Amino acid sequence: MLSAIVIYLNENDAGPGFYRFAATLGLLPSGASKDQRLTFWLGQVGRIHDHYERGRIVD
């Protein structure tokens, strides 16, 4: 999710809308714990960096 790059105002984390959207897409459980959300967000940020560093789509 490209929106993972955007962080919540004054936080080092994605905002609640990011996690709601991820749950709507079925990428994250709707009742995900804080640790699950953080792990998911960091994974998405890593995938974006990998994609643009290598210039290819990461499955």
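The values are calculated or read from the model by the stated rules, or taken from the named source; none is laboratory data. Here the structure is a predicted model, which is why all the values come from computation and not from measurement. Cβ: placed from backbone, ideal geometry, glycine included. Neighbour counts: every protein chain shown.
General observations
- Pairs, first of a type outside the set (Lys, Arg) and part of a loop (DSSP other than H, G, I, E, B) in the range 25-41, second surrounded by 12 or more Cβ atoms within 10 Å (Cβ to Cβ) and at pLDDT 95 or above, C-beta under 6 Å, six or more apart: 28/22; 28/40; 30/23
- Any hit, the range 45-54, residues being modelled with pLDDT of 90 or more, surrounded by fewer than 12 Cβ atoms within 10 Å (Cβ to Cβ) and among the aliphatic types (A, V, I, L, M): no
- Number of residues in the range 1-41 that are of a type in the set (Ser, Thr, Tyr) and closer than 23 Å to residue 52 by Cα equals 4.
- Hey, residue 13 charged (D, E, K, R) and either part of a helix (DSSP H, G or I) or in contact with a strand residue (DSSP E or B) (Cβ under 8 Å, 6 or more places away or on another chain) (or both) or not: no
- Residues (basic (Lys, Arg) and either in contact with a strand residue (DSSP E or B) (Cβ under 6 Å, 6 or more places away or on another chain) or surrounded by 13 or more Cβ atoms within 10 Å (Cβ to Cβ) (or both)) located in the range 16-42: 37
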